[in-house]
Each structure stands twice: as structure tokens, then as C-alpha cells.
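Working notes, structure below.
Read-outs throughout are calculated quantities, based only on the coordinates presented, and are distinct from any laboratory measurement. Predicted model, so just to flag it, every value in this text is computed and none were measured. Please note: Cβ atoms are built from the backbone with ideal geometry, for glycine as well, and neighbour counts cover all protein chains shown.
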Amino acid sequence: MQDWKVLLVDDEREFVSTLAERLSMRKMQVQVANDGEQALKKVETDPPQVVVLDLMMPGMSGLEVLDRIKGKSPEIEIILLTGMGGSAEAARGIHQGAFDCLVKPLNIDKLIERIGDALKKQSGMAS
Amino acid sequence: MEPDKAAFMGKVTAGITHELKNVLAIIKESVGLMEDLIALDGENAFPDKDRFLLTMSRIMAQVTRGVDLSTRLNGFAHSADETKALVDLSEAVELTGHLCRRPARLKGMTVNAVTREEPETVMVDPMVLQMMLYQSVEWLTGLLSPGAGVNLEVAHDETSTVIISTEKEARRGDADGPDALQWETLEATARFLDASVEKIEGQRSGMCIRFLR
């Protein structure tokens, strides 16, 4: 987990900062963005391996952020977060290339497992 | 309720359930962080560690309960999205069971929902179906003695049907006696609902709700 570079994107500041703290305690390198614009800037200046991205954000939607990241850096894996499972947006996100979609509140072990799986997929693509 | 009013209520309620999920997510992560910090402390833990952990596990259990409630409330809110939609009767019965359990419990009764793994779908006004199921259970609990139950069962026969029944011996009155008129009213409402069920090729159609008197 030590080398994992993860970007968390969510407008719920307390949620994302607490989650970042928990992942950092597990030795991940974690960055945080609170909106789509910030996320795109961070992807450009210090690209993460995996982005954990909330679907419902004010301003640029999660789907738009997904589209723009995948358009520029298709190797970055994206895990979407949604309040309700089985939503049309979640299905659209998977269709647009997201690695997975998890339902909030998260199970942290499940999140870590899926980040690991996304990295495995990424390294498989690179080799 | 008029369709546009119901849709408005549904839209606002669905939005609030998303907010509730965010609140619960923050609580869950915060408790999770506290657990992480306590685990890091290891053997040097403070004297009341066990009481803290027990309290945190109670908070987590309530978060799980809150998530379940807001998910179901979201499902209910979305039943107002359209006046005609394909509805899986098992999902409708499960939701009704959940919505009715608390008011039934206050009367000392139970609501049992028996669903099917295979979808039993009908094209119907989802809100009307939900309302009908809820009102049927609500009225039937008024007929029963405490300790009894109302059963909602999704049947698989020539029609896609929810069978609503009660234990006969638990009834306070005879279904053919003074309560007969109310039974007939319920059945008439069920027939009205059936009349609105759209017949689609490849889909079973017919009685949507049946009562076992």
C-alpha cells in the first residue's frame, strides 16, 4: 500500500478529509480535491494511479470529471462513489470506463481491496 | 395526490436521502478513524477502551440502520417519478413490509413479506401500488388481535399477484360480518388498481393484489 497514489474527490469536506486520514494511516499517498476543477489540476500536476470520485458534486459532475480524466489519461483507474447503488449515473460511469462504483457510506476494507484490484489491472495493462 | 405534486414530493425526498447518506458516511468514517487510532495505541490503551469500542460499535450499528432506512426511503420517493412503470412486485412488497413494520409493531403486530427471487413485474402506477399495499396492511392490522400478523406474499401463477392474508383466528371480527363492507372496499380498490395495470406482450397481467378473506 505504501506506493499507492490515490486522489480522493468529493465536495463533502469532512468525509473526504477523514477518509484521507484513514488511508494515509495505511501508508497510502493520498491527495484530496473538493471539486472537479481541483481534481483535474491535481491529475495534471501530480497524477495519481487511482481516483476515487464522487458522482454527485456541484459544478462539474462526477461523470464529466471521469470523462475528462479518461480522455487525457486513460491509464488512471477511477472508482466512483454514489449514495444509491444501481443508479443510472453509476451504470453510465461504468460504461464510460470507470473501474467500479461503490456505495456510500464506504466499507474501508472493500475500498482498499478495489483500489488494489484497480492497480493490478493497471500494471497488467502496462506490462 | 396529483401526479405533479407526488413527483415533486418524491424528487425533494430523494434529494434529502442522498444528503442523509452523506451525513451517515461522515459519521461512519469518523468512528472508523477513532477505531484506527485506538488500534494504533495497542497495549497502551486507556482504561475505558472496551467501553469506547462498545459505544462505537453501537454507533456503527445505527449507521447501518440509517443507511437501510434512507435507501428504502429513496426507493419509496422514486415511486413517484412516473405514473406508469415496470414494478417488481417483490421489491414493492419488501418496501411495504419495511414501511409498515413500525406502525404494526406499535399495535403489537407483525408484517411478513414473502418475496420471490425471480422478478414478477407489472406495468402500473408505482405510487398507487405502494399506497394500496400500505393502506391494506394498515387497515388489516386494525382487524387483528395483538400478536397476530399480516402476510404479503408474491405469487407466481397465471397472474403476477400479491396475496394479502391474515391468520383467520387472530381476527377480531368476521370478514363476512360487520367488517365485510371494508373488505369489499379494499377489493374494489384492488380492482381499480388492476384496471390500471397495462397489458404488455410477454408480461402476465391480471389481478395485481388479491385478498384471502
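Between the alpha-carbon centers of the stretch B:88-113 and the stretch A:37-51, tell me the distance in whole angstrom. Taking the Cα centre of the stretch A:37-51 as reference, the centre of the stretch B:88-113 is 47 Å away.
Dipole magnitude for the stretch A:1-55: about 340 debye, using +1 per Lys or Arg Cβ and -1 per Asp or Glu Cβ, origin at the Cα centre. Remark: C-alpha extents of chain A on the principal axes read 33, 33, 29 Å, sorted largest to smallest. If R0 is 25 Å, the Cβ-Cβ spacing of A:E14 and A:R68 corresponds to a FRET efficiency of close to 0.45. Partner shielding of A:6-18 amounts to 3, given as the average count of beta-carbon atoms from other chains within 10 Å of each residue beta-carbon.
Positive end of the dipole of the protein assembly as shown (Cβ unit charges, origin at the Cα centre): among B:V12, B:L186, B:A61, the Cα lying farthest that way belongs to B:A61. The mean number of Cβ atoms from other chains found within 10 Å of a Cβ in peptide B:24-36 is 6, as a whole number.
Proximity of backbone amide H atoms, modeled 1.01 Å from N, is registered between A:M60 and A:G36, A:E37 at under 5 Å, excluding neighbours fewer than 5 places apart on the same chain. Each peptide among B:46-54, B:65-73 gets the average number of other Cβ atoms lying within 10 Å of its residues, and from highest to lowest they stand as B:65-73, B:46-54. Computed extension gain for A:S61 through A:E37, at 0.36 nm per residue and net of the alpha carbon distance, reaches 7.6 nm.
Given in Å, the Rg to one decimal and the Dmax to the nearest whole number for the Cα atoms of the protein assembly as shown are 24.7, 78. Karplus-based coupling profile of the stretch A:27-43, in residue order and whole Hz: 6, 7, 8, 10, 10, 10, 9, 9, 7, x, 4, 4, 4, 5, 5, 5, 5, with θ = phi - 60° in 6.51 cos²θ - 1.76 cosθ + 1.60 and x standing for Gly or Pro.
The stretch A:61-122 and the stretch B:49-76 have Cα centres spaced 25 Å apart. Here the gap between B:E117 and B:F52, fully extended at 0.36 nm per residue and compared with their Cα-Cα distance, gives a gain of 19.3 nm. Label separation (A:K120 vs B:K84): 4.7 nm, computed from points 7 Å beyond Cα along the C-beta direction. In this simple spin-label approximation, A:M1 and B:R72 carry label points 7 Å from Cα along the Cα→Cβ vector, and these lie 3.4 nm apart. Under Stokes-Einstein, with the Kirkwood radius over Cα pairs as Rh, the value for the stretch B:1-149 at 20 °C and 1.002 mPa s is 118 µm²/s. Among the residues of A:102-109, the average count of other protein chain beta-carbon atoms within 10 Å of the residue beta-carbon is 5.
Legend: calculated FRET efficiency, A:H95 to B:S145, from the Cβ-Cβ distance at R0 = 45 Å, rounded to 0.05, equals 0.25.
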